[in-house]
Amino acid sequence: MKEIKTKPFKNKVTISGEIYSKDESINYIPFPLAGFDVRSYREQKDLNEEAVFDEIRIIRFNDEDVLDNLEIGDRVLIKGEAQSRNYKTTHPLDNDLIQNAVDLYTNFFQEGELPTEKQPTSRIKQPISWDKLFEYNLIDEIPTDSIIREDGQRERTDTQSYIYRVDYNGEVFKETEHTAFEVIAHDITKLDEVLDPLSGDQNTITYHGRISRPPSFDVVEGNQFAKVTVQSFVEYFLPDEKRFVFFNFFVWGKNAEIILAELDEGDMVRFTGRIQSRVIERTIRLKKKNAAGKTKRKKITVNEITREVSIVKMAKISSKASS
């Protein structure tokens, strides 16, 4: 792999597309925040092909007029940077035994200690420590859908997707953790020209950063595939706040072998590519009591959109340049 000398961190996105959805109003956090979604169309080899697009979430700060100035159907050119944002979704607790175990544990202690490594506060819930419940024989087994296993180890699978948390009142919640991948818009330009399907929309990201975990490698339908997560910074908030961004990058074929052989956790890299969207199906288990007091359980499938970067060019940043 080519090794270069350049700045260790960079995060630049240029993307065009058609607005297909936008927020109903401005949010204040406390400064103004608005968002909208664009479809960025990929290049078509011929006009008989079905159009393929990527759905990208755009975020705009400190612009109270942006939602009034943009309409669904407008074509826009965005220049900005990538952002990753973690959030949680709360789901109904479908196992009363866990709530009962937490209540019994709390009753053992005069000061109402909860079975967590850190005690919850009025603002922050904490994950249940299964080991503490086992210590008093309050549970027989860890729920099969819990990410946290014995000794506090985390193991996420298709069936283990929930974290059981407790608030400071001792109430148990089931939560799923998610990451939103977005583009912070520094500049927004309306486009008058009609899209040429044979050229497609602009969609490029130039990203310098540090590999945050060992690259993963797989063979999918006979094709080699590598995926790597890279940490950089969001420049928009500097110098007031040094906010990290973690983005996932993937590559196929021979380049997948190169990533596996030549890159490791901690290495500095420069990747250029395009942001792609992908739909993930998740199964959520719901529990509800009817008028007769009987509990009914059902599973529903929800679709979530994740975003990652298809690598077009890659290089390793020399340690001297990144020091």
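The values are calculated or read from the model by the stated rules, or taken from the named source; none is laboratory data. What you are looking at is a predicted structure, and each value in this text was computed from that prediction instead of being measured. Using ideal geometry, Cβ is built from the backbone for each residue, glycine included, and neighbour counts are taken over all protein chains shown.
What do you reckon, is THR229 more than 23 Å from ALA185 (Cβ to Cβ), at pLDDT 95 or above and part of a strand (DSSP E or B)?
Yes, satisfied.
Against the conditions (1) out of contact with any Asp or Glu (no Cβ under 8 Å at 6 or more places or on another chain); (2) under 25 Å from PRO8 (Cα atoms); (3) modelled with pLDDT of 95 or more, where does PHE247 fall short? Just the number, please.
(1)
Considering (1) without any contact (Cβ under 8 Å) to a residue 40 or more places away in the chain; (2) out of contact with any strand residue (DSSP E or B) (no Cβ under 9 Å at 6 or more places or on another chain), say which one PHE237 fails and leave the rest.
(2)
So how many residues does the stretch 160-201 have that are assigned to a strand (DSSP E or B) and closer than 30 Å to PHE233 by Cα?
Of the residues in that region, 20 qualify.
Of ASN69, ASN62, ASN86, which residue is surrounded by fewer than 18 Cβ atoms within 10 Å (Cβ to Cβ) and in contact with a Pro (Cβ under 6 Å, 6 or more places away or on another chain)?
Numbers: ASN69 fails: in contact with a Pro (Cβ under 6 Å, 6 or more places away or on another chain); ASN86 fails: in contact with a Pro (Cβ under 6 Å, 6 or more places away or on another chain).
Going through ASN69, ASN62, ASN86 in turn, the sole match is ASN62.
Just checking, does the stretch 271-278 include any residue being touching a His at 6+ places or on another chain (Cβ under 9 Å) and under 20 Å from PRO215 (Cα atoms)?
Going through the stretch 271-278, the residues touching a His at 6+ places or on another chain (Cβ under 9 Å) turn out to be 271.
Next cut, under 20 Å from PRO215 (Cα atoms) only: 271.
Scanning the stretch 271-278 turns up at least one residue that is touching a His at 6+ places or on another chain (Cβ under 9 Å) and under 20 Å from PRO215 (Cα atoms).
Just name the residue that is surrounded by the most Cβ atoms within 10 Å (Cβ to Cβ) out of those in the stretch 115-130 that are touching a Ser or Thr at 6+ places or on another chain (Cβ under 6 Å) and part of a loop (DSSP other than H, G, I, E, B).
Looking at the filtered set, the residue picked out is PRO115.
Let me spell it out: the conditions are (1) of a type in the set (A, V, I, L, M); (2) within 30 Å of GLY17 (Cβ to Cβ); (3) touching a Ser or Thr at 6+ places or on another chain (Cβ under 9 Å); (4) without any contact (Cβ under 8 Å) to a residue 40 or more places away in the chain, and ILE78 meets all of them except one. Which number is the exception?
(4)
Out of all the residues in the stretch 166-187, which are under 20 Å from the mean Cα position of the chain (by Cα) and within 17 Å of ASP94 (Cα to Cα)?
Matches in the stretch 166-187: LYS174, GLU175, THR176.
Looking only at the stretch 232-270, which residues are over 18 Å from the mean Cα position of the chain (by Cα), in a strand (DSSP E or B) and hydrophobic (A, V, I, L, M, F, W, C)?
VAL251, TRP252, MET268, VAL269
On the basis of being out of contact with any Gly (no Cβ under 7 Å at 6 or more places or on another chain) and at positive phi, does ASP151 make the cut?
Yes; evaluated as a whole, the condition is true for this residue.
Can you tell me which of (1) in a loop (DSSP other than H, G, I, E, B); (2) surrounded by 15 or more Cβ atoms within 10 Å (Cβ to Cβ); (3) of a type outside the set (Val, Ile, Thr); (4) in contact with a helix residue (DSSP H, G or I) (Cβ under 6 Å, 6 or more places away or on another chain) is the one LEU93 doesn't meet?
(4)
Which one is nearest to the chain's Cα centre (by Cα) among residues in the stretch 68-118 that are aliphatic (A, V, I, L, M) and in the same structural domain as VAL38 (by TED's automatic domain parsing)?
In this case the residue turns out to be ALA82.
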